[in-house]
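Worksheet for the structure shown next.
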Amino acid sequence: MNTDLIIIGGGYASVMAANRAAGRSGRVTLVNAGATFVERIRLHEVAAGSRDSAELPLASVLHLDVELMVGWAERIDAEGQKVFLADGRIIGYDGLVYAVGSTSPVMPSGTFSIASHGEALRLRARLASFGFGSVDVIGGGLTGVELAAEIASARPDLRVRLRTRGPGGASLEIAGGNTVQRHLERLGIVVTAQEREAASAGIASITVMTAGFVNAYRLVDTADGFSKSAQMTPPEALI
Ligand SMILES: Cc1cc2nc3c(=O)[nH]c(=O)nc-3n(C[C@H](O)[C@H](O)[C@H](O)COP(=O)(O)OP(=O)(O)OC[C@H]3O[C@@H](n4cnc5c(N)ncnc54)[C@H](O)[C@@H]3O)c2cc1C
């Protein structure tokens, strides 16, 4: 079948979809906000300073038959089968894949996140200028565990606390939590229930949120089609 496919997003999901579709249907176009592919699963290393960058040229991970279009998808006209980019370009499609990923929720001011490459670099810069004190990593899931362990390994001079929810005490929100917790404690990380003490950002502390990522922007159905709205929760993001 000769169909033109548009894939919005340039993360793992979009790249996999584009590369699998390439050569099997008509033209495959991937629309992404930037020209880089971000290895998000490495962002805790970037933040802790143990890796310089987690970015690759997006073109280097794409099948040669995939056309890369750098731009921000602002609106979808589902009936007319068109995507409108913020810079004025309009592209028609037969099939559309909407895979815009997730981002950090609205966060208290002064706190950090590692949801994006930019946010990871911001945390790295803060850590680099942070002489002494404590780092509170909020969220006892895999991302929180990875980040706390990475920072504690890179900066044994800092006090790292991993704050997790857990009725009646701290418990990691992952399988094998007790074993992982013992390893973390060997690195000097204190695992503690968040409810016991409100985490706050200050001169002698850094707070990093790793919990509650939300879907990125959605393109909502409005009177004149679909347009970008605020952050939202899944699953309505998928069109
Ligand atoms: C520090 C960290 C560690 C992690 N570790 C693991 C792990 O070990 N294992 C694991 O399975 N998962 C891990 N994850 C989760 C994993 O990274 C995500 O599940 C994955 O990135 C989701 O991929 P995605 O393609 O859906 O979206 P994303 O990777 O978020 O990519 C979405 C892309 O869409 C683009 N985009 C968004 N809106 C638009 C628009 N309107 N127009 C154009 N482009 C747009 C964005 O710029 C981005 O390039 C980790 C995440 C983090 C932050």
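Select, from 121, 147, 127, 142, the only residue that is closer than 22 Å to residue 55 by Cα, more than 19 Å from the chain's Cα centre (by Cα) and outside the structural domain of residue 51 (by TED's automatic domain parsing). Spell out the reasoning first.
On the way: 121 fails: more than 19 Å from the chain's Cα centre (by Cα); 147 fails: more than 19 Å from the chain's Cα centre (by Cα); 142 fails: more than 19 Å from the chain's Cα centre (by Cα).
Just a single option satisfies the conditions, and that option is 127.
Looking only at region 32-48, how many residues end up being within 25 Å of residue 71 (Cβ to Cβ) and either near the ligand (Cβ under 7 Å from one of its atoms) or charged (D, E, K, R) (or both)?
7
Under 8 Å by Cβ, and 6 or more places apart or on different chains, what pairs join a residue from region 42-63 that is touching a residue at least 12 places away in the same chain (Cβ under 8 Å) with one that is exposed (fewer than 14 other Cβ atoms within 10 Å of the Cβ) and assigned to a loop (DSSP other than H, G, I, E, B)?
Taking only residues 6 or more apart or on different chains, the pairs are 46/52; 57/35; 58/34; 58/35; 59/35; 63/23.
More than 24 Å from residue 115 (Cβ to Cβ) and surrounded by fewer than 17 Cβ atoms within 10 Å (Cβ to Cβ): is that true of residue 34 in this structure?
Working: more than 24 Å from residue 115 (Cβ to Cβ): no; surrounded by fewer than 17 Cβ atoms within 10 Å (Cβ to Cβ): yes.
Considered against the rule, which asks whether it is more than 24 Å from residue 115 (Cβ to Cβ) and surrounded by fewer than 17 Cβ atoms within 10 Å (Cβ to Cβ), residue 34 comes out as no.
Name every residue in region 16-31 that is open to solvent by 30 Å² or more (accessible area, probe 1.4 Å), in contact (Cβ under 8 Å) with a residue 12 or more places away in the chain and more than 14 Å from the ligand (Cβ to nearest atom), in order of residue number. Before the answer, list the steps.
From region 16-31, those open to solvent by 30 Å² or more (accessible area, probe 1.4 Å) are 16-17, 19-20, 23-25, 27; that's our starting set.
Filter again for in contact (Cβ under 8 Å) with a residue 12 or more places away in the chain, leaving 17, 19, 23, 25, 27.
Those that are open to solvent by 30 Å² or more (accessible area, probe 1.4 Å), in contact (Cβ under 8 Å) with a residue 12 or more places away in the chain and more than 14 Å from the ligand (Cβ to nearest atom): 23, 25, 27.
Would you check which residues across region 127-151 are open to solvent by less than 10 Å² (accessible area, probe 1.4 Å) and assigned to a strand (DSSP E or B) and list them?
135, 136, 137, 138
From the list 191, 83, 160, which one is within 16 Å of the ligand (Cβ to nearest atom), within 16 Å of residue 208 (Cβ to Cβ), touching a residue at least 24 places away in the same chain (Cβ under 8 Å) and open to solvent by less than 40 Å² (accessible area, probe 1.4 Å)? Outline the logic, then answer.
Numbers: 191 fails: within 16 Å of the ligand (Cβ to nearest atom); 83 fails: within 16 Å of residue 208 (Cβ to Cβ).
None of the other options fit; the residue is 160.
Quick one: which residue in 200, 134 is among the hydroxyl-bearing types (Ser, Thr, Tyr) and at pLDDT below 75? Show your work before the answer.
Values: 134 fails: at pLDDT below 75.
Just one listed residue meets the conditions, 200.
The values are calculated or read from the model by the stated rules, or taken from the named source; none is laboratory data. Predicted, not measured: the structure shown is a model, and the values here were computed from it. Because the Cβ atoms are built from the backbone with ideal geometry, glycine has one as well, and the counts that use them run over all protein chains shown. In case anyone asks, the SASA skips ligands and DNA or RNA and just uses the protein heavy atoms, side chains included. Shrake-Rupley method; radii C 1.70, N 1.55, O 1.52, S 1.80 Å.
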